[in-house]
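Asker: Take a look at the following structure, please.
The values are calculated or read from the model by the stated rules, or taken from the named source; none is laboratory data. Quick caveat, the model's predicted, so the values are computed rather than measured. Methodologically, a virtual Cβ is constructed for each residue, glycine included, from the backbone with ideal geometry; neighbour enumeration extends over all protein chains shown.
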Amino acid sequence: MRLPQTGGCQCGKLRYEISEAPLLVLTCHCTDCQAMTSSAFSMGVIPRIADSGRALNRWVCPECASWISGHPRPEAATRNVRGGTFDDTSWLRPTVHLWTRSKQPWVVLPEGDRTFETQPADLSAFFASGGASTPSG
């Protein structure tokens with residue numbers, strides 16, 4: 001993966017750049033993500049927010065309604081950038097999978113990836129640690 005990585009919404013009104021390697025790339029298989037994305041899962045890329053960075057709960061383009069990013073709490077040190085919004089998605093490789101108890105039966109998770117039946121109790125801390133938590137199943 002080359003840095004910086006850039007991305008944005010479908011219409012091009014919102015653009016972003018990440019200049020540090022992500023802490024982790026994950027998929028969420030919860031039924032809410034399945035409904036929001038009209039897919040089997042959502043993909044998130046977890047970068048750290050700069051000390052001076054002000055973060056919002058969810059960043060959605062007012063023109064095309066693309067969901068760009070969000071985070072667990074306003075004071076969170078990380079941001080969950082939606083994987084499909086990057087200009088170059090070829091480097092994305094999830095290694096953590098949340099809410100696997102809700103995953104579609106035809107989704108096969110790679111051997112060796114970290115899986116959680118639901119999610120870590122403190123999701124913000126889990127993201128900030130780069131996924132250093134014990135899997136729940």
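Asker: Starting from residues that are closer than 20 Å to residue 77 by Cα, of a type in the set (A, V, I, L, M, F, W, C) and touching a strand residue (DSSP E or B) at 6+ places or on another chain (Cβ under 8 Å), keep the ones in the range 10-40 and report whichever is surrounded by the most Cβ atoms within 10 Å (Cβ to Cβ).
Answerer: Step by step, filter the range 10-40, then rank; the result is 26.
Asker: Also, I was wondering about something else. Quick check: anything in the range 50-65 modelled with pLDDT under 95, under 13 Å from the mean Cα position of the chain (by Cα) and among the small types (Gly, Ala, Ser)?
Answerer: Looking for residues that are modelled with pLDDT under 95, under 13 Å from the mean Cα position of the chain (by Cα) and among the small types (Gly, Ala, Ser), one finds none in the range 50-65, hence no.
Asker: Confirm whether residue 70 is modelled with pLDDT of 70 or more, closer than 19 Å to residue 3 by Cβ, within 14 Å of the chain's Cα centre (by Cα) and small (Gly, Ala, Ser). Give the derivation first.
Answerer: On the way: modelled with pLDDT of 70 or more: yes; closer than 19 Å to residue 3 by Cβ: no; within 14 Å of the chain's Cα centre (by Cα): yes; small (Gly, Ala, Ser): yes.
In short, no.
Asker: Something else about it: Return the residues of the range 97-137 that are out of contact with any Asp or Glu (no Cβ under 7 Å at 6 or more places or on another chain) and outside any loop (DSSP other than H, G, I, E, B); say none if nothing qualifies.
Answerer: Narrowing the range 97-137 to residues out of contact with any Asp or Glu (no Cβ under 7 Å at 6 or more places or on another chain): 98-99, 102-135.
Across the range 97-137, the qualifying residues are 98, 102, 114, 115, 123, 124, 125, 126, 127, 128.
Asker: Across the range 82-106, what is the number of residues that are touching a Ser or Thr at 6+ places or on another chain (Cβ under 9 Å) and within 25 Å of residue 1 (Cα to Cα)? Talk me through it step by step, then tell me what you get.
Answerer: Of the range 82-106, the ones touching a Ser or Thr at 6+ places or on another chain (Cβ under 9 Å) are 82-88, 94, 96-103.
Now restrict to residues that are within 25 Å of residue 1 (Cα to Cα): 82-88, 94, 96-98.
Looking only at that region, the number is 11.
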